[in-house]
1. Name the one entry in I302, I315, I308 that is within 16 Å of the ligand (Cβ to nearest atom), open to solvent by less than 60 Å² (accessible area, probe 1.4 Å) and within 17 Å of R171 (Cβ to Cβ).
2. I'd like to know if region 18-39 contains one or more residues that are surrounded by fewer than 15 Cβ atoms within 10 Å (Cβ to Cβ) and within 25 Å of T153 (Cβ to Cβ).
3. Can you tell me how many residues in region 250-265 are touching a Gly at 6+ places or on another chain (Cβ under 7 Å) and more than 12 Å from the ligand (Cβ to nearest atom)?
4. Any residue at all in region 46-68 that's modelled with pLDDT of 95 or more, surrounded by 19 or more Cβ atoms within 10 Å (Cβ to Cβ), closer than 28 Å to W125 by Cβ and within 18 Å of the chain's Cα centre (by Cα)?
5. Among the residues of region 69-91 satisfying the criterion of being within 14 Å of the ligand (Cβ to nearest atom) and assigned to a loop (DSSP other than H, G, I, E, B), which is most open to solvent (accessible area, probe 1.4 Å)?
6. Does I243 meet the test of being crowded, with 22+ Cβ neighbours inside 10 Å, more than 19 Å from the chain's Cα centre (by Cα), more than 16 Å from the ligand (Cβ to nearest atom) and in contact (Cβ under 8 Å) with a residue 24 or more places away in the chain?
7. Tell me which residues, restricted to region 129-138, are surrounded by 19 or more Cβ atoms within 10 Å (Cβ to Cβ) and either closer than 11 Å to A61 by Cβ or modelled with pLDDT under 95 (or both).
8. When you go through (1) hydrophobic (A, V, I, L, M, F, W, C); (2) modelled with pLDDT of 95 or more; (3) open to solvent by 10 Å² or more (accessible area, probe 1.4 Å) one by one for F294, which number turns out not to apply?
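The values are calculated or read from the model by the stated rules, or taken from the named source; none is laboratory data. From a predicted model like this one, the values you see are computed outputs, not experimental measurements. Note that each Cβ is placed from the backbone with ideal geometry, even for glycine, and that neighbours are counted across all protein chains shown. All accessible areas refer to the heavy atoms of the entire protein, side chains included, with ligands and DNA or RNA removed. Shrake-Rupley method; radii C 1.70, N 1.55, O 1.52, S 1.80 Å.
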Amino acid sequence: MKNITITKTKHSTLSELDFDNIPLGKIFTDHMFICDYENGTWNNPRIIPMQTIASHPATMALHYGQAIFEGMKATLDSTGTPLLFRPNKNAARLNFSADRMGMPSFPEDLFSEGLKQLVDLDKEWIPKKKGSAMYLRPFMYADEHFIGMRAATSYKFIIICSPAGPYFSERIKLFAEKKYIRAATGGTGEAKAAGNYAAAIKPTENAKAKGYNQVLWLDAVEHKYIQEVGTMNIFFKISGKIITPFRDGNILDGITRMSVIDLLKHKGFEVEERPISIDEVKEASENGTLEEAFGTGTAIGIAYIQEIGTDEGTIHVSDESPVGEDVNNTLNGIKIGEIEDSFGWMVPVS
Ligand code: COI
């Protein structure tokens with residue numbers, strides 16, 4: 001593995017951070033990890049002061065969208081050691097996305113080492129308050145200057161960090177979108193590609209204008225089978241069983257999703273990964289068997305769903321999510337070392 005060079009900032013902005021009031025996604029730490037891909041190899045892995053990067057107007061990512069990203073969080077245990085949650089899963093998923101988008105893979109050992117060294121250097125930025133964390137954003141984009149439709153020959157891989165305050169989860173409202181789609185079989189739905197989010201912005205803004213928090217995506221063919229939510233995977237509890245859409249190539253392989261499935265099974269729940277239609281959820285709501293629904297994702301954690309709006313009317317979920325809350329508490333406890341990490345998910349940074 002290539003050696004990572006470190007240039008420390010001379011002007012830390014840490015003292016400007018109000019840990020009691022952290023605006024989401026707007027504050028960035030003192031340093032970033034960056035590595036360049038040229039001539040078929042990744043070169044010059046380095047940690048440098050946080051800075052802007054000048055872009056040539058023909059930078060290919062801006063035109064053809066070869067851009068992918070990951071979302072992770074670093075937390076602190078009671079001794080102040082930073083912990084990463086399943087970082088190897090993010091490294092693997094980044095390379096899955098890279099492959100789908102015709103981009104080079106990034107060495108997983110360098111991903112892990114760059115992340116650890118960066119988090120260690122900026123660990124004073126990790127908020128200590130319960131429910132807080134430092135959000136980590138690894139991403140890769142095509143930075144070759146070229147007009148023409150082909151895979152780029154140069155890329156950048158970067159990791160930036162952003163402290164995040166506790167997420168007080170209010171129950172959320174979803175709108176089941178039937179006009180626009182997120183993903184179709186053979187497309188890029190399973191990749192964490194920037195373009196998937198770009199295509200979701202207009203429908204999300206439409207949903208917000210109607211009073212909803214996020215879009216519930218349905219399949220591209222029948223507009224019937226549930227895929228995922230704007231920034232989350234989704235779970236339903238119907239007649240005691242937990243149901244989540246199966247991975248048919250159109251949904252994100254969520255790391256919170258896979259962990260929640262493991263936790264639920266460990267807690268003795270029957271978990272079904274299978275196609276689930278919006279009609280099944282509506283029917284369960286009407287006959288009183290829809291017990292709860294929640295979304296799972298890195299940024300949000302677990303979000304309890306209150307209702308789902310459809311063109312035909314509202315599907316009422318429930319005012320309580322005891323299973324979602326239990327899993328959320330367990331996951332949060334594991335992330336700060338308060339609950340035993342019997343799955344071996346946490347990776348200390350030391
Ligand atoms: C995450 O949950 O980490 C994500 O990547 C979603 C993002 C669009 C905020």
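1. Working: I315 fails: within 16 Å of the ligand (Cβ to nearest atom); I308 fails: within 16 Å of the ligand (Cβ to nearest atom).
One residue alone meets the criteria, I302.
2. Restricting attention to region 18-39, the residues satisfying the condition of being surrounded by fewer than 15 Cβ atoms within 10 Å (Cβ to Cβ) are 18-21, 23-26, 38-39.
Now narrow it down to the ones that are within 25 Å of T153 (Cβ to Cβ): 38-39.
Within region 18-39, one or more residues are surrounded by fewer than 15 Cβ atoms within 10 Å (Cβ to Cβ) and within 25 Å of T153 (Cβ to Cβ).
3. First, the residues of region 250-265 that are touching a Gly at 6+ places or on another chain (Cβ under 7 Å): 250-251, 254, 256.
Right, trim to more than 12 Å from the ligand (Cβ to nearest atom) and you get 250-251.
Adding up the residues that qualify gives 2.
4. Yes, the conditions are met somewhere in region 46-68.
5. Among residues in region 69-91 that are within 14 Å of the ligand (Cβ to nearest atom) and assigned to a loop (DSSP other than H, G, I, E, B), the one most open to solvent (accessible area, probe 1.4 Å) is R86.
6. Working: crowded, with 22+ Cβ neighbours inside 10 Å: yes; more than 19 Å from the chain's Cα centre (by Cα): yes; more than 16 Å from the ligand (Cβ to nearest atom): yes; in contact (Cβ under 8 Å) with a residue 24 or more places away in the chain: yes.
Spelling it out, I243 is indeed crowded, with 22+ Cβ neighbours inside 10 Å, more than 19 Å from the chain's Cα centre (by Cα), more than 16 Å from the ligand (Cβ to nearest atom) and in contact (Cβ under 8 Å) with a residue 24 or more places away in the chain.
7. Matches in region 129-138: S132 only.
8. Only one criterion is unmet by F294, namely (3).
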